[in-house]
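Q: Handing you this structure, nothing more for now.
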Amino acid sequence: VFWRPPGNRQPSKEELMICAPLVEKHIALIAPTLLICVGGTASAALLNATTGITRLRGTLHHYHNPYLSAPIPSFVCYH
């Protein structure tokens, strides 16, 4: 999501779904060799994770994008 929702709340699933195609295309255009997901919202949305950020940190993940032929190695950190 490219903005913080009113009241500094977490984005809703609908808001995340609206932004997902644009974020996926931006990442595909840049074609990074490593992706760093900063914060719990970004980590959950990009890695399709259901576990919390504390458990995601410190391990290698793979970001899958429909516009890329191979997954991108990804790490998670606190924001």
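Q: In the range 27-52, what residues are closer than 17 Å to residue 72 by Cβ, over 12 Å from the mean Cα position of the chain (by Cα) and open to solvent by 50 Å² or more (accessible area, probe 1.4 Å)?
A: 29, 30, 31, 33, 34
Q: Going through the range 53-78 one residue at a time, which ones are surrounded by 14 or more Cβ atoms within 10 Å (Cβ to Cβ) and either part of a helix (DSSP H, G or I) or of a type in the set (Gly, Ala, Ser) (or both)?
A: Within the range 53-78, 53, 56, 74 qualify.
Q: Here's a follow-up. Could you check the range 3-26 and list, in sequence order, the residues that are open to solvent by 50 Å² or more (accessible area, probe 1.4 Å), within 22 Å of residue 75 (Cβ to Cβ) and free of Cβ contacts under 8 Å to residues at least 24 places away in the same chain?
A: 26
The values are calculated or read from the model by the stated rules, or taken from the named source; none is laboratory data. It should be emphasised that the depicted structure is a prediction, and the values quoted were computed from it without experimental measurement. Note that we place each Cβ from the backbone using ideal geometry, even for glycine, and neighbour counts take in every protein chain shown. In case anyone asks, the SASA skips ligands and DNA or RNA and just uses the protein heavy atoms, side chains included. Shrake-Rupley method; radii C 1.70, N 1.55, O 1.52, S 1.80 Å.
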